Amino acid sequence: MPTMPYIHFQGQCAEALAFYKTVFHGSDLQQMRYAEGPEAPPAWRESARIMHAQVTLYDGVLMASDYPPGVEGDPQAGFSVMQTAPDVAQAERVFKALAEAGSIIQPFQPTFFSPGFGMVKDKFGTHWIISAAPQAVA
């Protein structure tokens with residue numbers, strides 16, 4: 001059974017997952033708002049917040065939601081989402097897009113374990129570790 005990251009946002013989930021779909025050339029973005037939930041409490045019926053969303057990125061699924069209406073929740077901290085791109089060019093493109101309006105934690109560069117690797121905090125507060133897949137040895 002795969003482990004899948006599930007990120008919680010403070011009202012920016014729809015915007016964040018649409019951004020991630022674009023950055024990673026993802027697919028199959030699905031979203032359900034709290035207001036659409038069966039038996040939604042009155043406080044949720046007018047909310048635009050996301051109860052559950054998911055998007056396919058490469059060969060994995062990233063899931064997310066907003067905290068429920070009326071719940072502030074804690075900002076993201078203490079974890080990173082690791083994503084390996086098929087090659088250095090794609091990894092660097094993704095890294096640069098995530099870094100735009102965010103902050104670079106470790107610049108994208110070759111390492112002993114990856115031909116391209118970097119760490120970034122994006123504009124939504126999500127920490128990412130972006131790596132290029134090791135190249136096959138002939």
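Readers should treat all values here as calculations from the given coordinates under stated rules, not as data from a laboratory. Keep in mind that what you see is a predicted model, and the values were worked out from it rather than measured. Note: ideal-geometry Cβ built from the backbone for every residue, glycine included; neighbour counts use all protein chains shown.
Points to keep in mind about this one:
- Calculated mean residue ellipticity, 222 nm, the chain: -5000 deg cm²/dmol, from DSSP H runs (n ≥ 4) at -39500 (n - 2.57) each, averaged per residue and rounded to 500.
- Between the range 45-122 and the range 1-24, the Cα center-to-center distance that results, in Å: 7
- Local electrostatic count at residue 68 - Lys and Arg +1, Asp and Glu -1, tallied over other residues with Cβ under 12 Å: 0
- Label corresponding to volume of the Cα convex hull per residue in Å³ when calculated from the structure given, among (i) 117; (ii) 255; (iii) 126: (iii)
- Stretching the chain fully between residue 111 and residue 15 yields a gain of 31.3 nm (0.36 nm per residue, less the alpha carbon separation).
- Net charge of neighbours whose Cβ lies under 13 Å from the Cβ of residue 93, counting Lys and Arg as +1 and Asp and Glu as -1: -2
- Low-density loop positions, chymotrypsin sites (Phe, Trp or Tyr not before Pro), the range 1-107 - DSSP coil, at most 10 other Cβ in 10 Å: 79
- Cross-link reach list, aspartates and glutamates versus residue 121, counting only Cα pairs under 18 Å and skipping chain neighbours closer than eight places: 15, 74, 92, 100
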